[in-house]
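One structure is given here, and the rest of the page talks about it.
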Amino acid sequence: MIKGSVRVRRKRQLILRRGLVVVQFTITFLVCLGTLVVSRQLRFVHNRDLAFDKDHVVIIHRANALRPEGAAFKQSLFRHPGILAVSHSESLPGNHFDPTTHRLEGSPPQRYTA
């Protein structure tokens with residue numbers, strides 16, 4: 001009787017061990033597959049044509065100070081024949097956006113709406 005229970009226990013341990021190996025192999029395969037997908041996505045984004053020349057972009061830091069005269073500033077930029085387009089953004093693409101930014105002294109608080 002003891003031999004029978006030992007055999008059953010060993011059989012269960014063997015099944016558990018094989019099952020764990022299969023689960024481990026499956027997880028490893030999924031991690032490798034995920035790494036491949038992320039790698040291809042990053043390569044795609046890196047090599048994608050941005051439809052503009054990054055070397056011909058002007059970035060004005062703290063441009064919120066121009067907010068009251070923003071439209072006039074934009075019109076003055078369009079007077080130059082080499083400028084094709086003007087846009088505005090709260091942050092640079094790829095940078096962290098945090099609505100709890102510092103404000104210039106005396107400027108009204110910004111309200112963020114969804």
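Worth a mention:
- Neighbours of residue 18, meaning other residues whose beta-carbon lies under 13 angstrom from its beta-carbon, give a summed charge of +4 when Lys and Arg score +1 and Asp and Glu score -1.
- Extension gain from residue 48 to residue 88, taking 0.36 nm per residue of separation minus the Cα-Cα distance: 12.2 nm
- In this calculation the C-beta distance from residue 59 to residue 10 is compared with R0 = 41 Å, giving a FRET efficiency of 0.05.
- The slack in the chain from residue 38 to residue 73, taken as 0.36 nm per residue of separation less the alpha-carbon distance, amounts to 8.5 nm.
Taken together, the values in this text are just the output of simple stated rules run on the coordinates, not laboratory data. Predicted model, so just to flag it, every value in this text is computed and none were measured. All Cβ positions, glycine included, derive from the backbone under ideal geometry; neighbour counts span all protein chains shown.
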